[in-house]
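Below: the structure, in structure tokens.
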Amino acid sequence: AQRVTQPEKLLSVFKGAPVELKCNYSYSGSPELFWYVQYSRQRLQLLLRHISRESIKGFTADLNKGETSFHLKKPFAQEEDSAMYYCALRVRGAQKLVFGQGTRLTINP
Amino acid sequence: EAGVVQSPRYKIIEKKQPVAFWCNPISGHNTLYWYRQNLGQGPELLIRYENEEAVDDSQLPKDRFSAERLKGVDSTLKIQPAELGDSAVYLCASSLVEASAKQFFGPGTRLTVL
């Protein structure tokens, strides 16, 4: 069965510091990986997906198949980055998303 | 565009009572999902519809949960009877039918069972 693990429930960094939110997955095939974000009082929304290889709001994530990881990174954190972040996996050819438990990121001024 | 619409936003009921949640997906989205999110957890899929057909309901507790998507647009998720452990946020999402399509989430319904 597919599984997504986010080892940190809470992460707190200072503004301007680098941020890395960890995500590990277990899946025997070739998955699609996503990061979703939920800002305070807003709905869950897609932040980025690995197949796009894009940088959104300064965030990037690289799929490492050897380590089965998809860590989310940003070199300089901003206060508006404070939110809940969920890593998710989708089995290729299916539409079901499997989410991790989420990490609450707090950026201190 | 209002996005995915859900109602009610909050619901408090006593155990053994029935409850229903309603979802209106984004116009043109053939695929509709119901997720349950327990406190401190990520969302978990309950059921997925393609048009009016439930194509994945393997995680739906069928003894007390039911869902329908008449005419392939709006959907209703029902719990009867509710149990204390059903307290959670129930999320609806929609997408186009293509396998790579992005899912758009609604604001959720927060259910509290007393």
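Among the conditions (1) in contact with a Lys or Arg (Cβ under 7 Å, 6 or more places away or on another chain); (2) open to solvent by less than 40 Å² (accessible area, probe 1.4 Å); (3) of a type in the set (Lys, Arg), A:LYS9 misses just one, which is (2).
Residue-wise test of (1) closer than 18 Å to A:TYR36 by Cα; (2) over 10 Å from the mean Cα position of the chain (by Cα); (3) in a loop (DSSP other than H, G, I, E, B); (4) not hydroxyl-bearing (Ser, Thr, Tyr).
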{"site": "B:PRO61", "(1), (2), (3), (4)": "no, yes, yes, yes"}
{"site": "B:ALA67", "(1), (2), (3), (4)": "no, no, no, yes"}
{"site": "B:LYS78", "(1), (2), (3), (4)": "no, no, no, yes"}
{"site": "B:TYR90", "(1), (2), (3), (4)": "yes, no, no, no"}
{"site": "B:VAL97", "(1), (2), (3), (4)": "no, yes, yes, yes"}
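Among the residues of segment B:1-14, the ones that are modelled with pLDDT of 95 or more, part of a loop (DSSP other than H, G, I, E, B) and either among the hydrophobic types (A, V, I, L, M, F, W, C) or open to solvent by 90 Å² or more (accessible area, probe 1.4 Å) (or both) come to 3 in all. Here the strands (runs of 3 or more DSSP E) wholly within segment A:1-89 that include at least 3 residues being of a type outside the set (A, V, I, L, M) and under 29 Å from B:GLN6 (Cα atoms) are A:31-38. Scanning segment B:77-114 for residues that are surrounded by fewer than 20 Cβ atoms within 10 Å (Cβ to Cβ) and more than 13 Å from chain A (Cβ to nearest Cβ) gives B:LYS78, B:GLN80, B:PRO81, B:GLU83, B:LEU84, B:GLY85, B:SER87, B:THR112, B:LEU114. Counting only residues that are assigned to a loop (DSSP other than H, G, I, E, B) and at pLDDT 95 or above, segment A:90-103 holds 3 of them. Residue under question is B:ALA54, and the condition is that it be away from chain A (no Cβ under 12 Å), under 24 Å from A:GLU32 (Cα atoms) and either in contact with a Leu (Cβ under 8 Å, 6 or more places away or on another chain) or surrounded by fewer than 20 Cβ atoms within 10 Å (Cβ to Cβ) (or both); does it hold? Yes.
Against the condition at pLDDT 90 or above and on the phi > 0 side of the Ramachandran plot, how does A:ARG41 come out, does it pass? Taking the combined requirement at face value, the residue satisfies it.
Residues in segment A:44-82 that are on the phi > 0 side of the Ramachandran plot and not polar (S, T, N, Q): 3 in all. Within segment B:18-51, the set of residues being in contact (Cβ under 8 Å) with a residue 60 or more places away in the chain and exposed (fewer than 13 other Cβ atoms within 10 Å of the Cβ) comprises B:PRO18, B:GLY28. Which one of these does A:SER55 not meet: (1) away from chain B (no Cβ under 14 Å); (2) crowded, with 20+ Cβ neighbours inside 10 Å? Every condition holds for A:SER55 apart from (2).
The values are calculated or read from the model by the stated rules, or taken from the named source; none is laboratory data. Keep in mind the model is a prediction, meaning the values are calculated, not measured. All Cβ positions, glycine included, derive from the backbone under ideal geometry; neighbour counts span all protein chains shown. What goes into the accessible areas is simple: the full protein's heavy atoms, side chains included, and nothing from ligands, DNA or RNA. Shrake-Rupley method; radii C 1.70, N 1.55, O 1.52, S 1.80 Å.
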